[in-house]
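Enquirer: Pasting in a structure now, in structure tokens, and then I'll have a few things to ask.
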Ligand code: NAI
């Protein structure tokens with residue numbers, strides 16, 4: 001029994017993600033918000049024979065207030081996607097402002113909601129949303145998540161492909177830690193539930209880190225991953241629904257969170273990283289309040305330690321860019 005809201009619901013990700021949320025029987029209300037087209041998307045989805053009552057809102061007539069009032073789970077895929085040759089950081093200028101404004105709405109109208117940030121660059125937009133909630137005095141780090149699930153989904157798929165059996169892809173679990181762009185994406189292949197044969201896996205690691213580029217290139221100017229992202233976003237939303245709203249225990253998913261969300265786990269992870277990072281995508285256990293426990297890296301190889309060290313350098317800059325955007329009032 002969850003009221004879920006999608007902000008950016010008419011977009012390439014927003015529409016299929018809203019479809020998957022409408023198909024989730026635990027969602028009983030689904031609010032759709034975008035600057036365009038939500039009445040049509042909502043009317044269309046509302047004919048699907050599942051429990052969720054669907055409503056669409058536009059900015060006019062206090063649409064943001066109306067959609068967010070009573071929301072328990074807010075997913076944010078609003079913002080522009082990449083075109084060939086662009087990095088996720090190139091999106092910052094536009095998406096930072098969109099996330100800031102939507103976060104202010106969440107702070108005012110749904111301060112207790114779980115917020116799942118998809119808009120890129122996630123490494124910076126999650127700090128932005130967090131800073132805005134802080135400014136409004138409603139910040140709970142246990143409830144704000146950067147969605148990095150697509151990296152996890154890609155890792156499972158590509159490892160299964162490498163093992164020559166795509167039917168394994170639903171079973172393969174590879175922790176992917178760090179952040180969500182380029183070298184900050186660190187797949188821990190040594191911890192794969194389905195071990196790969198010994199050898200050099202740098203090509204596979206590179207494919208997981210830059211898998212998004214394959215889609216951007218293939219779409220040739222028409223955007224970035226939308227369908228696979230919608231799948232990943234719905235999987236992550238469902239993990240939150242099961243762990244925070246259901247009775248299930250032991251749901252552990254990688255996600256980009258503030259390490260203060262679990263003080264002891266976060267401090268232990270910082271020691272492992274050898275860095276005083278505020279945010280990191282770690283394996284997180286989801287409980288009633290959101291982040292229940294932040295897990296450490298576990299046993300990693302020397303090569304993986306090097307990948308993590310590289311990720312930390314970029315992450316520091318990305319996080320700082322997000323924080324300064326809000327604090328500097330840019
Ligand atoms: P899109 O352009 O197809 O859709 C974005 C939607 O956001 C549009 O419908 C637009 O009208 C809406 N929008 C813009 N400003 C808004 C505002 N102020 N309030 C509400 N809605 C607003 O883009 P797409 O492909 O759906 O991508 C969305 C975002 O997701 C991009 O930033 C992209 O980089 C990111 N993304 C994240 C991934 C991840 O793994 N976290 C993976 C793939 C994309």
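Any read-out appearing in this document is the output of simple, stated calculations on the displayed coordinates, not a laboratory observation. Computed from a predicted model, the values in this text were never measured in an experiment. Cβ placement follows ideal geometry from the backbone for every residue including glycine, while neighbour counts extend to all protein chains displayed.
Enquirer: Over region 213-330, what is the relative contact order in percent, taking alpha-carbon pairs closer than 8 angstrom and at least six residues apart? Each step should come with its number before you reach the end.
Expert: Details: 126 pairs, mean separation 24.4, N = 118.
Value for region 213-330: 21 percent.
Enquirer: Taking 0.36 nm per residue of sequence separation and subtracting the Cα-Cα distance, how much length would be gained by fully extending the chain between residue 167 and residue 190, in nm to one decimal?
Expert: 6.2 nm
Enquirer: Could you work out the relative contact order of the chain? I mean the mean sequence separation of Cα pairs under 8 Å and 6+ apart, divided by the number of residues, in percent. Numbers along the way, then the final one.
Expert: Numbers: 689 pairs, mean separation 56.1, N = 330.
Contact order relative to length: 17 percent.
Enquirer: Then there is this: Compute the distance in nm between two label points, each set 7 Å from the Cα along the Cα-to-Cβ direction, one at residue 60 and one at residue 247.
Expert: 4.7
Enquirer: For the chain, just run the numbers: alpha carbon Rg, then divide by 2.2 N^0.38 Å, N being how many residues it has. Walk me through the intermediate numbers first.
Expert: Details: Rg = 18.7 Å, N = 330, 2.2 N^0.38 = 19.9 Å.
Relative to the 2.2 N^0.38 Å estimate, the chain comes out at 0.94.
Enquirer: Pull up the DSSP beta bridges for the chain and report the antiparallel fraction as a percent, rounded to 5.
Expert: Numbers: 17 of 38 bridges.
The antiparallel fraction comes to roughly 45 percent.
Enquirer: Just to be sure I understand the model, the point goes 7 Å from the Cα along the line to the Cβ. What's the resulting residue 272 to residue 37 distance in nm?
Expert: 4.1
Enquirer: Let me ask something else. Kindly identify region 39-145 as rounded, prolate or oblate by the Cα gyration tensor criterion: order the square roots of the eigenvalues as a ≥ b ≥ c, call it rounded if a/c is under 1.5, otherwise compare a/b with b/c, prolate if a/b is larger, else oblate.
Expert: On the way: a/c = 1.92, a/b = 1.23, b/c = 1.56.
Oblate, since a/c reaches 1.5 and b/c is not below a/b.
Enquirer: For region 168-245, what does the relative contact order come out to in percent, with C-alpha contacts under 8 Å and a separation of six or more? Mind dumping the intermediate values first?
Expert: On the way: 54 pairs, mean separation 15.1, N = 78.
Contact order relative to length: 19 percent.
Enquirer: Kindly state, to the nearest 0.05, the FRET efficiency for residue 198 paired with residue 135, given R0 = 45 Å and r defined as their beta-carbon distance. Don't jump to the answer; show the numbers that get you there.
Expert: Working: r = 51 Å, r/R0 = 1.13.
Here the calculated transfer efficiency is 0.35.
Enquirer: What distance in nm lies between label points placed 7 Å from Cα along the C-beta direction at residue 108 and residue 28?
Expert: Result for the modelled spin labels: 2.8 nm.
Enquirer: Answer rounded, prolate or oblate for region 262-330, using the Cα gyration tensor with square roots of eigenvalues a ≥ b ≥ c: rounded when a/c is under 1.5, else prolate when a/b is larger than b/c, else oblate.
Expert: Details: a/c = 2.51, a/b = 1.18, b/c = 2.13.
Oblate, since a/c reaches 1.5 and b/c is not below a/b.
Enquirer: How many angstrom lie between the Cα centre of region 1-31 and the Cα centre of region 252-330?
Expert: Taking the Cα centre of each part, region 1-31 and region 252-330 sit 28 Å apart.
Enquirer: What Kirkwood hydrodynamic radius, in Å, does region 198-330 give when the mean of 1/r is taken over all pairs of distinct Cα atoms and then inverted? Don't skip to the answer; put the middle values down first.
Expert: Details: mean 1/r = 0.0585 Å⁻¹.
The Cα-based Kirkwood calculation yields 17.1 Å.
Enquirer: Quick one: Cα centre-to-centre distance for region 211-243 and region 145-187, in angstrom?
Expert: The distance from the Cα centre of region 211-243 to that of region 145-187 comes to 12 Å.
Enquirer: Based on the alpha-carbon gyration tensor of region 79-197 and its eigenvalue square roots a ≥ b ≥ c, which shape applies: rounded if a/c is under 1.5, prolate if not and a/b is larger than b/c, or oblate?
Expert: Details: a/c = 2.97, a/b = 1.90, b/c = 1.56.
It is prolate, given that a/c is not under 1.5 and a/b is the larger ratio.
Enquirer: Per-residue ellipticity at 222 nm for the chain, helices alone: DSSP H runs ≥ 4 residues times -39500 (n - 2.57), over residue total, nearest 500 deg cm²/dmol? Walk me through the numbers on the way to the answer.
Expert: Numbers: 11 runs with 137 residues, N = 330.
So the calculated ellipticity at 222 nm is -13000 deg cm²/dmol.
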